[in-house]
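See structure below.
Coordinate-derived values only; no laboratory data. Values in this document were obtained by computation on a predicted structure and should not be read as measured data. Neighbour counts run over all protein chains shown; Cβ positions are idealised from the backbone, glycine included.
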Amino acid sequence: MKFTPAFVLSFLQEQFDTRSGYSANKARKNLATAWDWGKSFIDGFSELGNPFRAVRRFPEERSPRYIPPEADFWQVMEATHGQDKIMLTSFLHLAARRGEIFKLKWFDLDFVGSQVGLMTRKTKDGSVRADWIPMTDELKKVLLFWQENRPHKKSEYVFTILGDTPSPHCKAGDPFRYRQHVMKTLGTKAGVKHFGFRAIRLLSASIQYKAGIPISDIQRILRHQRPTTTDLYLKSLGLELDQTRKAVEVLSNRGPAKVIPLPAKGRSLQAGT
């Protein structure tokens, strides 16, 4: 089978028609990356240009990502106890990704320097990078408590599976990998609309933005390598509307310019003279 640009276009067009422009573009990006990898590391791989990059991106219609109201998050926190509550606190205070929290180890916590090292692969070349984030006083307090009271003290991971019933895939004391239904369960228990771990990262960015934190600081907390990524990230949350609203509000209550009558000819501008 020859992967010509025409063949690739036909495949991606089907993705666009049956799924969405976002799905088609995601497939295009992943397959283009796979093609580049094959060309670099597989002997005898096609010497032709990357056919996936030859196809233009498809238009996307994407609504702003869902950010739970802050009150909903605190309702969930009220309905949560033990390790889950400490985990959600960590997600909010660190604006962390799911995998970063699941893989967090005790030696990543610097209680003396009040900072947390988050290991991420969100780099240009896919390598692992440690990003150090300030540890708030509240987060430090709950993590120290958990260090003393966790049931699996031999585990190097901060958050571990607590169940006593082993399974073919995991057992008590192992780090989490998925936790697909826990947030839905907690949301139902709290009586709020379901949101996931990623939404807490979005909420953290939203709270900081609305508090007037400079985008450059939010970039460092989100650990984006480029400021344009943070700008696009905030726009995807619909937060740029707040700034746009502030910009147009300066036009309010201005009205027509007032006409100031000039004094009669021969009279001074000073009243009574």
For K193, counting only aspartates and glutamates whose alpha-carbon sits under 14 Å away and dropping same-chain residues fewer than eight positions off, the answer is E70, D72
Per residue, the convex hull enclosing the alpha carbons of the stretch 1-62 has a volume in Å³ of 75
Simple SL model, points at 7 angstrom along Cα→Cβ for E60 and T229; separation in nm is 1.5
Output for the stretch 94-160: GluC sites (Glu not before Pro) sitting in coil per DSSP, at most 14 other Cβ within 10 Å, listed by number, reads E156
The pairs in K29/K103; K85/K140; K85/K189 lying past 20 Å Cα-Cα in this model are K29/K103
With +1 at each Lys and Arg Cβ and -1 at each Asp and Glu Cβ, the charge dipole magnitude of the stretch 1-62 around its Cα centre, to the nearest 20 debye, comes out at 160
